[in-house]
Amino acid sequence: MVKYYTEINNKAFEGTIIDIESDGDFDRQYSDNDSRQYKKIVPVIFGYITKDNLNIFCAKGHSSIDKLKHIIIETLPELKIPLYAFNSRFERSVLYHSCDLKINFKCELNAWSREMKKYTVENLNIENYDDPFFDVGNECRLAWLRGEWDQCIKHNRSCLLKERDILLKRGFREPDDLTFHP
């Protein structure tokens, strides 16, 4: 397991922004609002940012995923609310199916369900924060599969900082409905 931690000064918001990187495939036979679409996806990186610090946990290969899940299960209940995510449907569904956690996100950072972070960052004139994959999550997944942990951590760090900037520049909305199925 690789852990990244840094203290930061984000006094402008309360709560916690969460971002996960993952491995696995979507099951497109289910609708967007059905959690089962994410049943075959597992978290490989768990990152979060608060007003005081930024934390990232990266599994070093498939053999470390269970350890990462354990960290997620222990950490999530202690995070300050409200919980934010750019696309909380993804985080809610992956965490539900992979960690058996039903997380109540109150704040969505995308303006609509299919909004792409890449264009949001561009439109809001938010910096790239040294993202080696320029908001292309699949590139991070492929790098993780190749064992390029440092690049993946840089990507997750930049995603968290971009999501913080999105929150500060335009706020949040109520998450879309999601139906949880086993």
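The values are calculated or read from the model by the stated rules, or taken from the named source; none is laboratory data. Because the structure is a prediction, the values reported are computed rather than measured. Here Cβ is always computed from backbone atoms with ideal geometry, including for glycine, and neighbour counts include all displayed protein chains.
For the criterion of being surrounded by fewer than 20 Cβ atoms within 10 Å (Cβ to Cβ) and farther than 19 Å from Asp165 by Cβ, Phe57 fails.
Among all positions in region 164-173, there is no residue which is crowded, with 22+ Cβ neighbours inside 10 Å, touching a residue at least 24 places away in the same chain (Cβ under 8 Å), within 15 Å of Ile20 (Cβ to Cβ) and within 14 Å of the chain's Cα centre (by Cα). Consider region 73-101 and keep the residues that are in a helix (DSSP H, G or I) and among the basic types (Lys, Arg). The one that is farthest from Gly47 (Cα to Cα) is Arg89. State all residues of region 72-89 that are surrounded by fewer than 19 Cβ atoms within 10 Å (Cβ to Cβ) and either in contact (Cβ under 8 Å) with a residue 60 or more places away in the chain or on the phi > 0 side of the Ramachandran plot (or both); if no residue qualifies, say none. The answer is Leu79, Lys80, Ile81, Pro82. Of the numbered criteria (1) in a helix (DSSP H, G or I); (2) surrounded by fewer than 19 Cβ atoms within 10 Å (Cβ to Cβ); (3) in contact with a helix residue (DSSP H, G or I) (Cβ under 8 Å, 6 or more places away or on another chain); (4) not aliphatic (A, V, I, L, M), the one Ser113 fails is (1). Taking the conditions exactly as written (part of a loop (DSSP other than H, G, I, E, B) and on the phi > 0 side of the Ramachandran plot), does Asn104 satisfy them or not? Here the answer is no, as Asn104 does not meet what is asked. Flag set for Lys162, criterion: in a helix (DSSP H, G or I), charged (D, E, K, R) and in contact with a helix residue (DSSP H, G or I) (Cβ under 7 Å, 6 or more places away or on another chain).
The C-beta contact set for region 30-51 (first residue over 14 Å from Leu95 (Cα atoms) and outside any strand (DSSP E or B), second residue among the aromatic types (Phe, Trp, Tyr) and at pLDDT 95 or above, distance under 9 angstrom, 6+ apart or interchain) comprises Tyr30/Tyr38.
Residue count for region 9-23 under the criterion of being under 26 Å from Cys152 (Cα atoms) and touching a helix residue (DSSP H, G or I) at 6+ places or on another chain (Cβ under 8 Å): the result is 9.
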